[in-house]
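Report on one structure; see the data block that follows.
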Amino acid sequence: MAAPMAAAVARGLRWAFRAASAGPPSRRAEKQARMVRGRPDQPAEPKVLRIAIIGAPNAGKSTLSNQLLGRKVFPVSKKVHTTRCKARGVITHEDTQLIILDTPGLTSPMKAKRHKLEAAMLTDPWDSMKHADLVLVLVDVSDHWTRNSLSLEVLKCLSQFLHIPSVLVLNKVDLLKKKIILLGLINELTEGIVNGKKLKVRSEFEYNSSSPAKTVLKVTQTPPPESRARESPCQLETDKAQEGSSLDNSSDVKASESSLDTEAREQKPYKYGDQKNRKGWPHFQDIFMLAALNGEEVDTLKQYLLMQAKPGPWEFHSRVLTSQSPHEICDNIIREKILEYLPLEVPYGVTQVTELWEEGPSGELIIVQNLVVPRKSHKLMLIGRRGALISRIAQEAGQDLMNIFLCDIRLKLKVEVKS
């Protein structure tokens, strides 16, 4: 667990389950539900920003959402399509409320059929965009197969909602050994234009044998020649340090400088049918580079989002952290573990049925869930040798639920074949 998350758990944050911690689990769940449905408390001058996070499956959308919230609320897995439906996370800071619309990864109908995904997996990202004030487009820069272009589904979504401001977020930059790769990615994914201006991207590298390598990336928005005299460039600067890395295998590298100056180009109106011929999006208003898993530069993005909020009423009580019900959170956490431990396409065929949800004699929350699989072979895989795997899934999911609900959890999982 990252340090910011651990500290957030220790503080309890502002979540409805924490607010109702004096009562038994059933009463806490009821109070949380009332807070989500009820009228929110409002400051004198409230501000709000609804943020849709979109991107290809497994780009790190839920991980980024959890880091922004300061606590694990959304399921996270290395497998694609961990998030199966849209959910809202709520950040309330002073007079400002950020509403994060965590959505399933944008996918095609063919891929949805292959992974046995619900119809909502195709429509939820689009529905979230309808309610968004700002969209974050997340790209996994560690995936060399997909990082050089935005997916067709992402481009379709952006072109459909051209009026909504968009921000490019390059994720997992800590996994890149050569940060110079980011220069080309930025140019390709933005088509050399950010906030309506040409980009001039410059990178400076310094290496000292007694200290880690340091990479400084500067992205300067260059105004048109006629306006340069009266307009100062808007500069985004990110410092990244990565221990033990360098530009090449030589240890006596002192300095290397590379620059990329994007030539002026005529910006054509974006048409819906142009996606197949495009790799990037020339309408991003800003760029961020971060590592969501360990929290690097996430707070910088969070402060930026708080500054983008506009006057408007809050949608949730200040003590609410998510719109999900306790049952939905439980299902998501268990599914996360199933995705982690089952191979290939097997976990996508598992159906979860909660058979028992009640308060125990000592105030603990007792949960019994039945996992229904389509084949006997899947049942044997899920149970594991002598029940080792299903026990491990129950133990890890129970520990996560204990951290979320802030009470003792007794979780029992059963497996049966669909009749």
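Observations
- In the set Leu306, Leu371, only one residue is in contact with a strand residue (DSSP E or B) (Cβ under 8 Å, 6 or more places away or on another chain) and buried (at least 19 other Cβ atoms within 10 Å of the Cβ); that residue is Leu371.
- Qualifying residue in the range 67-85 (condition: farther than 18 Å from Val350 by Cα, of a type in the set (S, T, N, Q), modelled with pLDDT of 70 or more and outside any strand (DSSP E or B)): yes
- Of all residues in the range 181-211 being in a loop (DSSP other than H, G, I, E, B) and modelled with pLDDT under 90, the one that is surrounded by the fewest Cβ atoms within 10 Å (Cβ to Cβ): Ser210
- Helices (runs of 4 or more DSSP H) contained in the range 312-418 and holding at least 2 residues more than 29 Å from Ile100 (Cα to Cα) and at pLDDT 90 or above: 376-383, 388-405
- Only one of Gln303, Gln324 that is under 30 Å from Glu94 (Cα atoms) and free of Cβ contacts under 8 Å to residues at least 40 places away in the same chain: Gln303
- The range 46-62, residues that are among the polar types (S, T, N, Q) and crowded, with 23+ Cβ neighbours inside 10 Å: Ser62
- Inside the range 375-405, residues that are open to solvent by 60 Å² or more (accessible area, probe 1.4 Å), over 29 Å from the mean Cα position of the chain (by Cα) and touching a residue at least 12 places away in the same chain (Cβ under 8 Å) make up a count of 4.
The values are calculated or read from the model by the stated rules, or taken from the named source; none is laboratory data. These numbers come from a predicted model, not from an experiment. Note that each Cβ is placed from the backbone with ideal geometry, even for glycine, and that neighbours are counted across all protein chains shown. Side chains included, ligands, DNA and RNA excluded: accessible areas come from the protein's heavy atoms. Shrake-Rupley method; radii C 1.70, N 1.55, O 1.52, S 1.80 Å.
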